Every structure is written in structure tokens, then in C-alpha cells.
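Chemist: After the C-alpha cells below, expect a handful of questions from me.
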Amino acid sequence: MAQTWQSIGAKKRAEQDRAIPSEWKLKSLPPISQLDVRSIPSTCGILTADEISITENHDAYSLLNGLHGQSLTALEVTTAFCKRAAIAHQLTTCLTEIFFDRALARAKELDEHMERTGRAIGPLHGLPISLKDTFNIAGIDSSLGIAAMAFHPEPANCPLVDILLAAGAVLYVKTNIPQTLMALDSVNNVFGRVLNPANRALTAGGSSGGEGALLALRGSPLGVGTDIGGSIRVPAMCNGLYGFKPSAGRIPYVGSIGRLPAARGRLGIQTSAGPIAT
């Protein structure tokens, strides 16, 4: 018997729930009437004082200074952002794929390399980076919020993922989007709607809305979204962040779900991958 989209969505959300350790789960969710949830990550008791400092008092640049200077370890930084991302998702539905175990294992390897050699793997050594759902990571879904595309893990990394890993980055989550991407409100039948953490009655924007909500709650120091007509810029605006659309092709977008295939003579605006950050 064929599965319904409702049952597929329920299975996918249950998978997300299992990926969050029980000690990282909120004891209770805030009432619907509480619109602004930005203070909850630092007051819920899940994060230690050091983890609050790591996630709130640093940007990507200062984190990298600490990681390269060995005043911070990749494991403590990754743990802090994994925990904060878990909290952010419970408040705003900002994530699609959660792979904290893989990220923590990667962070340990980076720390061992640093201890053994005294050198960083690359310029992004130990920095957690969140990715919009469109970017393929081997062994992980890129469903775009479409039930028929869920539970079909990608066979290989897209080039951007390989570049980030070679530079030393730690990948730990993929973020929520509108179904099929082309919308400015991030809602789909698999994961649900992304809520704006400053006012959950308002949109977090789209199509990189999951990135917007996650970063607004300091659950990521740096994210990568995509943009053709505002899909980075609108979530940045909605969530008080910095984001821009680079020139098409400046940041690799090949090998990603949702990208139009290359063709000579195509007229129209091309999609770009680009950064979004606090």
C-alpha cells in the first residue's frame, strides 16, 4: 500500500525528533501566545555558560580566531551550536536534516589533527556551517519538502560541500524551505512552516527561511542559502541578519537539488548560492 504524504511527513518529523538527544529537548514548549522566543535558548537551562558565550559573543571570524589559536576546540564549538540548533528547531521548525553525531565525530577528528600537528586543516577549521536543504550531502536527504523525495539519501556530496569540508568546516544541519523553493514563506507538507523567532505570527521569509530563523536564534554562526529573486535577502531582512546574492557561479551551486541545468543561450536570472550570517 502506497504511503500518504501525511504518513511520510510524520515519519520524517519522528526521525528529526530521534536525532535530538533527550537532554537537549525543552521541558515544555512556549505557549502559542508567546510570540518572541529569542531569549529561550539562553534561559532554558540546556546550554552551559560557556556554550552561551560561544554562541552569543562571537561571529564566524572571532570563532575562527579562537579555533586557529587553540583557545577554542572544534568539539566545544560544534557541541554549542548543535545544542542551540536543536533548541531553535523546537521553537521555529527551522531544520530539515539533523546529523549531530556526524558533526561531533568530525569535530573530534579536527581536534586530534590540531593536537597532533599544531596546524589547522584549512581556513574554516572547526567552524560549524549550516546549509539550506538544497545542497547535497552524501547519505542525507535533499527532499525540498516534497514527500516523494523524502527517504532517498543522496549518493554524493555536491562540490560546495566538498570544498567546505576540505577547508575544515563542520556540517551539522540542513535547513527548512518552501516546497519546491519558489516562495517567500518557508512552508511545506513534510516539515511544516518556519516561524520567525522575533514574532512567531510573522514569516521568517523564504526560500532560505530555515537559515534565517536558525541564525536569528544564534544556532549557526554562518549559513549558506540560495537566491534568485530574494531568497537570501528576504530571510536576512525578516530576521535582522546579513545576507546577499553573489554573482551567479561565484559560489558553486552545481550538483544541488533545485538547480536548473546549464544551457547555452538561456535567458533569465540565474540562481546563486550565498552566505547569510549574524
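Chemist: With an 8 Å cut-off on Cα pairs and a minimum separation of 6 or more residues, tell me the relative contact order of the chain in percent. Don't skip to the end; give the middle numbers.
Modeler: On the way: 625 pairs, mean separation 54.2, N = 278.
Across the chain, relative contact order equals 19 percent.
Chemist: Of ALA248, ALA49, ALA19, which has the largest mean-square fluctuation in a 10 Å C-alpha GNM of the chain?
Modeler: For the chain, modelled as a Gaussian network with Cα springs under 10 Å, the answer is ALA49.
Chemist: Can you give the calculated 222 nm mean residue ellipticity of the chain, where each DSSP H run of n ≥ 4 adds -39,500 (n - 2.57) and the sum is split over every residue, rounded to the nearest 500 deg cm²/dmol? Working shown, then result.
Modeler: Values: 9 runs with 96 residues, N = 278.
Calculated mean residue ellipticity at 222 nm is -10500 deg cm²/dmol.
Chemist: Would you work out the Kirkwood radius for the chain? I mean one over the mean of 1/r across all pairs of different Cα atoms, in Å. Write out the running numbers ahead of the final one.
Modeler: Values: mean 1/r = 0.0536 Å⁻¹.
This gives a value of 18.7 Å.
Chemist: Then there's this: Beyond a 20 Å Cα-Cα separation, which of these cross-linked pairs lie in this structure: LYS12/LYS174; LYS12/LYS132; LYS83/LYS245; LYS25/LYS108? Could the numbers behind the result be given before it?
Modeler: Numbers: LYS12/LYS174 14 Å; LYS12/LYS132 17 Å; LYS83/LYS245 29 Å; LYS25/LYS108 23 Å.
As for pairs spanning more than 20 Å Cα to Cα, those are LYS83/LYS245; LYS25/LYS108.
Chemist: If I take R0 = 41 Å and measure r between the Cβ atoms of ILE163 and LEU35 in this structure, what FRET efficiency does the formula 1/(1 + (r/R0)^6) give, to the nearest 0.05?
Modeler: Once rounded, the FRET efficiency stands at 0.60.
Here, each number is a calculation from the coordinates, and none is a lab measurement. Note that the coordinates shown come from a computational prediction; the quantities given were computed from them, not determined experimentally. Ideal geometry is used to build each Cβ from the backbone, glycine not excepted, and the neighbour counts take in all protein chains shown.
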